[in-house]
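K.L.:
I have a structure I would like to understand better, so I am pasting it below and will then ask my questions one at a time.
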Amino acid sequence: MLSGIKVYKVKDFIRKTQTGNIDLNRSKQIVRELADAAGSRTDHNILVDLRETTVSAAASIEDIMKVAFEFGSYVSPFKNKIANIVPDDPERLIIANRFKACMDIQGFEYEIFTDYESAIEWLSQTEDLEE
């Protein structure tokens, strides 16, 4: 019996890993880099790993909206799922959820995660195996 086993069909994805402090200008640069990569790989999902980053506590909703708007200005390359892994920190999750709201309003298929496995599961198709 194969109860409880899942097979993940991982669709190709673009992975962008960042470390250090993330500010408004660096965030916009990351979006442009992702847009370039996504434009040439239109069938790929995107995984952005920001677990090893810091964000200024002064990050305003205006800054968050500017970064989301930057995604919006490159909407055509971003047709597939975008998973963002952030540190499991209450302050970072508040910022991430504000950003998600801005992305949702623009129609992006965007989710926030605090661990790699959950992000991969969301980016992948799952199939339950039965006997």
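Computed from the coordinates by the stated procedures, all read-outs in this text should not be read as laboratory data. Not measured: the values here are computed from a predicted model. Neighbour counts are summed over all protein chains in view; Cβ atoms, including those assigned to glycine, are modelled from backbone coordinates with ideal geometry.
K.L.:
Between SER40 and ASP104, what is the FRET efficiency for a Förster distance of 35 Å, r being their Cβ-Cβ separation, to the nearest 0.05?
P.N.:
0.85
K.L.:
Count charges around ILE64 for me, please; just the other residues with Cβ under 15 Å from its Cβ, Lys/Arg as +1, Asp/Glu as -1.
P.N.:
Values: positive: ARG26, LYS28, LYS66, ARG92, ARG98, LYS100; negative: ASP23, GLU62, ASP63, GLU70, GLU91, ASP104.
Around ILE64, the surrounding residues sum to 0.
K.L.:
What shape does the range 55-126 take by its C-alpha gyration tensor, where a ≥ b ≥ c are the square roots of the eigenvalues and a/c under 1.5 counts as rounded, a/b above b/c as prolate, and the rest as oblate?
P.N.:
Oblate shape, in that a/c is at least 1.5 and b/c is the bigger or equal ratio.
K.L.:
Once amide H atoms are placed 1.01 Å from N in the peptide plane, what residues at a sequence separation of 5 or more from THR114, or on another chain, have their amide H within under 5 Å of its amide H?
P.N.:
VAL86
K.L.:
At 7 Å along the Cα-to-beta-carbon direction for both SER76 and ASN25, put a label point, then send me their distance in nm to one decimal.
P.N.:
2.9
K.L.:
I would also like to ask the following. Let me spell out the model: positive unit charges on the Cβ of Lys and Arg, negative unit charges on the Cβ of Asp and Glu, origin at the Cα centre of the range 6-128. What dipole size does that give, in debye rounded to 20? Let's see the in-between values first.
P.N.:
Numbers: 16 positive and 21 negative charges, 75 e Å.
Here the range 6-128 has a charge dipole of around 360 debye.
K.L.:
Can you list residues whose amide H is under 5 Å from VAL48's amide H, if they're 5+ apart or on another chain and H is modeled 1.01 Å from N?
P.N.:
Amide H neighbours of VAL48: LYS16, ALA83, ASN84, ILE85.
K.L.:
Multiplying the sequence separation of LEU93 and ARG15 by 0.36 nm and subtracting their Cα-Cα distance, what value in nm do you get?
P.N.:
Residue separation times 0.36 nm, minus the Cα-Cα distance, leaves 26.0 nm.
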